[in-house]
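Asker: Once you've had a glance at the structure underneath, I'll fire off some questions.
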Amino acid sequence: MCEKSGAKRVFFGNSGAEVNECAFKAARKYSFAKYGKGRARIISLNGSFHGRTLFALSATGQDRYHKYFDPFVPETVNAEANIKAIERAAENKACAVVIECVQGESGVNALDKAFVKELAEYCRKNDVLLICDEVQCGNGRTGKFFAYEHYGIVPDLVTTAKGIGGGLPLGACLFFDKTENVLGVGDHGSTFGGNPVACAGACNVVERLTEEFLLEVTGKAEYLRAKLAKIDGVKNVSGIGLMLGFEADKPVKEVAAECLDRGLLLLTANTRLRLLPPLTVTKTEMDEGLAILRGVLAN
Ligand SMILES: *Cc1c(COP(=O)(O)O)cnc(C)c1O
């Protein structure tokens, strides 16, 4: 993973939420060691999703996940995806900003390129760590090893999970130049983190994510996007690579249920539908899926 990303070290956990906890703790320690108290704030974006443990949930910028669970972890603040809003939210108290380059749960929204570049610059200038949550958009999903590569930035911490274990429970927090030595022995840990079975799965996944394979992903994505956009009742196809969202002219839950009945598994994402096909999907399978969706939307 380090070879493919330029990261220096990796901490392994068992899920996305868990490695986000690791990144947030690392950010707080980085800041505390350098500046002392008063700089513990984690800023995340409106519409973000970072997981269901309490710190990750506190950072999640969607109220629909928050019901029942307060009080939340202090110094977790949400902001609009523009640099003025980030500055306002930071108030010189922030140690990190966390983003998903393509927000999954809230509707498959790719962040604006100019904003992400500005944010990276802001973070560098103010020694605020930039964390990319690549739990959903990472591991080849967008046609790059990590989605942030589309944005021409280098983050300080990257978290990933979901696809990395190929179905086995594994999460990874990647540490880059600035953060390489932040966590020492005993600062953080996990009983099952880095267990050999899950890691064997991940080794296989990472080895298979070659340049050639990623180009295939991009080609499949172009094909699927073009066909999807032509289906009657599909609007505003969004996302990058094989991470696709769209609006339907029917209630999304009904569309998803009807598709499932007919053998096509797709997800809802807020008011939109979401397609995250396996990266190994074939053209025949894509055609089959598109035909099912066409049938459901025409019905
Ligand atoms: C799914 C997801 C998580 C949480 O991962 P779990 O493995 O379910 O804990 C965190 N961030 C993003 C962007 C996700 O899509």
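The values are calculated or read from the model by the stated rules, or taken from the named source; none is laboratory data. Bear in mind the structure is a predicted one, so any value in this text is a computation, not a measurement. Cβ atoms come from the backbone with ideal geometry, glycine included; neighbour counts cover every protein chain shown.
Asker: Please specify each residue of the stretch 32-67 satisfying the condition of being away from the ligand (no atom under 16 Å from the Cβ) and more than 25 Å from ARG272 (Cβ to Cβ).
Answerer: Selection gives PHE32, ALA33, LYS34, TYR35, GLY36, LYS37, GLY38, ARG39, ALA40, ARG41.
Yes/no matrix, rows are residues, columns are (1) within 24 Å of PHE145 (Cα to Cα); (2) in contact (Cβ under 8 Å) with a residue 24 or more places away in the chain; (3) not β-branched (Val, Ile, Thr):
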site: ALA226; (1), (2), (3): yes, no, yes
site: ASP232; (1), (2), (3): no, yes, yes
site: ILE240; (1), (2), (3): yes, yes, no
site: ASP249; (1), (2), (3): no, yes, yes
site: ALA257; (1), (2), (3): no, no, yes
site: LEU260; (1), (2), (3): no, no, yes
site: LEU266; (1), (2), (3): yes, yes, yes
site: THR284; (1), (2), (3): no, no, no
site: ILE292; (1), (2), (3): no, yes, no
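Asker: Condition test on VAL197, is it more than 21 Å from the chain's Cα centre (by Cα), crowded, with 20+ Cβ neighbours inside 10 Å and at pLDDT 95 or above? Lay out the reasoning, then the answer.
Answerer: Numbers: more than 21 Å from the chain's Cα centre (by Cα): yes; crowded, with 20+ Cβ neighbours inside 10 Å: no; at pLDDT 95 or above: yes.
Criteria not met by VAL197.
Asker: Looking at (1) over 15 Å from CYS137 (Cα atoms); (2) within 15 Å of the ligand (Cβ to nearest atom); (3) surrounded by fewer than 21 Cβ atoms within 10 Å (Cβ to Cβ), which one does GLY166 not meet, given that it meets all the others?
Answerer: (1) is the only condition that GLY166 fails.
Asker: Considering only the stretch 188-299, give the helices (runs of 4 or more DSSP H) lying wholly within it that have at least 3 residues that are within 19 Å of ILE164 (Cβ to Cβ).
Answerer: Qualifying helices (runs of 4 or more DSSP H): 196-208, 211-229.
Asker: So, one more: Pick out the one residue from CYS137, CYS132 that is within 16 Å of the ligand (Cβ to nearest atom) and within 23 Å of LYS34 (Cβ to Cβ).
Answerer: The conditions single out CYS132.
Asker: Would you check if ILE131 is of a type outside the set (Lys, Arg), touching a strand residue (DSSP E or B) at 6+ places or on another chain (Cβ under 7 Å) and in a helix (DSSP H, G or I)?
Answerer: Spelling it out, it is not the case that ILE131 is of a type outside the set (Lys, Arg), touching a strand residue (DSSP E or B) at 6+ places or on another chain (Cβ under 7 Å) and in a helix (DSSP H, G or I).
Asker: Taking the stretch 1-27 as the region of interest, how many residues are farther than 17 Å from PHE146 by Cα, within 13 Å of the ligand (Cβ to nearest atom), in a helix (DSSP H, G or I) and in contact with a Cys (Cβ under 8 Å, 6 or more places away or on another chain)?
Answerer: Within the stretch 1-27, residues that are farther than 17 Å from PHE146 by Cα, within 13 Å of the ligand (Cβ to nearest atom), in a helix (DSSP H, G or I) and in contact with a Cys (Cβ under 8 Å, 6 or more places away or on another chain) number 1.
Asker: Among what's in the stretch 78-127 and is in a strand (DSSP E or B) and aliphatic (A, V, I, L, M), pick the residue that is nearest to THR179 (Cα to Cα).
Answerer: Ranking the qualifying residues of the stretch 78-127, first place goes to ALA96.
Asker: Do we have any residue at all in the stretch 189-205 that's farther than 16 Å from GLN103 by Cβ, touching a residue at least 60 places away in the same chain (Cβ under 8 Å), more than 16 Å from the ligand (Cβ to nearest atom) and not hydrophobic (A, V, I, L, M, F, W, C)?
Answerer: Scanning the stretch 189-205, I find no residue that is farther than 16 Å from GLN103 by Cβ, touching a residue at least 60 places away in the same chain (Cβ under 8 Å), more than 16 Å from the ligand (Cβ to nearest atom) and not hydrophobic (A, V, I, L, M, F, W, C), so the answer is no.
Asker: Quick check on my filter: what residues within the stretch 31-58 are part of a helix (DSSP H, G or I), of a type in the set (Phe, Trp, Tyr) and within 29 Å of ALA198 (Cα to Cα)?
Answerer: PHE55
Asker: Six or more apart or on different chains, Cβ atoms under 6 Å: show the pairs whose first residue is in the stretch 92-112 and within 13 Å of PHE246 (Cα to Cα) and whose second is of a type in the set (D, E, K, R).
Answerer: GLY107/ARG272; VAL108/ARG274
Asker: Return the pair list, or none, for Cβ contacts closer than 6 Å from residues in the stretch 146-165 that are among the basic types (Lys, Arg) to residues that are within 10 Å of the ligand (Cβ to nearest atom), at least 6 apart or on different chains.
Answerer: LYS162/VAL135; LYS162/GLN136
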